[in-house]
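See structure below.
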Amino acid sequence: MSETITQAGVTSAPAGSVTGGVKVLLRLEGLTLFAGMVLLYAVWGGSWWVFAVLFLVPDLSFIAYLSDPRTGAVVYNAAHSYMAPVALLTSGFAIGEPLVLSIAMIWLAHIGIDRALGYGLKYQAGFGFTHLGRIGRPKDQT
C-alpha cells in the first residue's frame, strides 16, 4: 500500500485507491448524498437536536482501532458503508417508523460528508489507508 515514484518523478496513488476524475466523482457523490439527506431530513421535519446528537455516532467505530488495524477496519467499514443505513431506511418506510427513518437519514448524511471530505472505507494496513486514497501525511514526510 505504499506510494511509488514513476519514471517521470510523479507520485502515484497506493494500489487499491482511486485517482483523478473517478476520485472527484466519488467525493461529489458523497457531497450529493450529504446534501440530499440533510434536505430530506429538513423536509421530513426531523429534530435538529436528534440530528446533532446522532451525526457523529458512526465515528465511535474508531474505538475498534484500539484492538488492532484489522478489527478497526472491519468495524469502521461496517459503520461507514451504505448497506446498514439503506436497509434501515427501507425498514423505516416499510414499518412507517419516523425515528427509524430519521436515524437512517442522519447516518447516510454522515457517510456522505465523510466521503466528500475524502474519508473512504479503510484497508487493514491502517486507518490512513482508504479506497479514496491516503489520509494524512506519510510517516516519512512528517
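The values are calculated or read from the model by the stated rules, or taken from the named source; none is laboratory data. Predicted model, so just to flag it, every value in this text is computed and none were measured. Here the Cβ is made from the backbone with ideal geometry for all residues, glycine too, and neighbour counts use every protein chain on show.
Worth a mention:
- Matching residues in the range 74-88 - criterion: being surrounded by fewer than 21 Cβ atoms within 10 Å (Cβ to Cβ) and over 17 Å from F62 (Cα atoms): Y82, M83, A84, V86, A87, L88
- For V100, the conditions (1) touching a helix residue (DSSP H, G or I) at 6+ places or on another chain (Cβ under 6 Å); (2) aliphatic (A, V, I, L, M); (3) surrounded by 19 or more Cβ atoms within 10 Å (Cβ to Cβ) are fulfilled apart from (3).
- Here is the figure for the range 41-58: residues that are under 17 Å from D114 (Cβ atoms) and surrounded by 11 or more Cβ atoms within 10 Å (Cβ to Cβ) total 6.
- Filtered by the rule that a residue be closer than 25 Å to T130 by Cα and of a type in the set (S, T, Y), the range 25-70 gives T32, S61, Y65, S67.
- Test for G112: is it at pLDDT below 95 and under 22 Å from V22 (Cβ atoms): no
- Filtered residues of the range 1-37 (kept if of a type in the set (G, A, S), surrounded by 10 or more Cβ atoms within 10 Å (Cβ to Cβ) and either at pLDDT below 50 or closer than 23 Å to P85 by Cβ (or both)): S2, G30, A35, G36
- If you go through the range 97-134 and keep only what is over 22 Å from L25 (Cβ atoms) and in a loop (DSSP other than H, G, I, E, B), you end up with E97, Q124, A125.
- Leading residue by the ranking (farthest from the chain's Cα centre (by Cα)) among those in the range 47-96 that are farther than 17 Å from G30 by Cβ and not in a helix (DSSP H, G or I): G96
- Test result for S61, touching a Phe, Trp or Tyr at 6+ places or on another chain (Cβ under 6 Å) and surrounded by 14 or more Cβ atoms within 10 Å (Cβ to Cβ): yes
- Single residue of the range 109-120 satisfying the filter (closer than 25 Å to G92 by Cα and under 9 Å from the mean Cα position of the chain (by Cα)) that is surrounded by the fewest Cβ atoms within 10 Å (Cβ to Cβ): I113
- The C-beta contact set for the range 105-133 (first residue under 18 Å from W48 (Cα atoms), second residue part of a helix (DSSP H, G or I) and of a type in the set (G, A, S), distance under 6 angstrom, 6+ apart or interchain) comprises G112/G30.
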